[in-house]
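Following: one structure in structure tokens, then a few remarks.
The values are calculated or read from the model by the stated rules, or taken from the named source; none is laboratory data. Quantities reported herein were computed from a predicted structural model and do not represent experimental measurements. So basically every Cβ, Gly included, is an ideal-geometry build from the backbone, and we count neighbours across all protein chains shown. With ligands, DNA and RNA removed, areas are computed over all heavy atoms of the protein, side chains included. Shrake-Rupley method; radii C 1.70, N 1.55, O 1.52, S 1.80 Å.
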Amino acid sequence: DINRELTVDEEIKYTFDLIDRYQSGYITVTDVEDFLASAGFKAQNDMIISLLQTKYDKQRHGISFDDFKEVILMKPEPGSKEEGDELFNFFDYNGTGRINKEKLRVISEELGEELPDEELEEMIIYFTKRNSSAGLDRKEFQEIMDYNLNN
């Protein structure tokens, strides 16, 4: 059925296949960085890149789909300010210092949840205690991450 939504596994496989330009079954860290840049992500996601580097198979000169999927599906451990900063920088791809509703929508979709605008606005208002149009700053974003990981 052409109109059905892709499963998370299918989305990850689709993304891997887009990155794997030569259909070798392996991708490199450079391939991932190039893909992120072409998708409009201006900030490099150091956390994901460093995790992918640990999965690099020297004999095959790349990262397998299974290892790629494992990294993509990893849940961060609560609390590290450095990890929170890296994640904030990744989603604040244009360097505004804020994550607005549109950026939050991208985050939720990447996590496999499509939240309605009203819910995204409520989330911002709940954590900022103010109008949602300004978005979340770094500290407020870390509070959401800590809240979600601990509940």
Distance in nm between Asp137 and Gln23 label points, each 7 Å along Cα→Cβ, equals 5.1 nm
Once the whole set of protein chains is in place, how much accessible area is left on Ile72, using a 1.4 Å probe, in Å² to the nearest 10? 70 Å²
Can you flag which of Lys58/Lys81; Lys81/Lys101; Lys55/Lys101; Lys13/Lys101 are past 29 Å Cα-Cα? Lys58/Lys81; Lys55/Lys101
Name the long-range amide H neighbours of Ile63: under 5 Å, sequence gap of 5 or more, or other chain; modelled H, no Pro or chain starts. Ile27, Thr28, Asp57
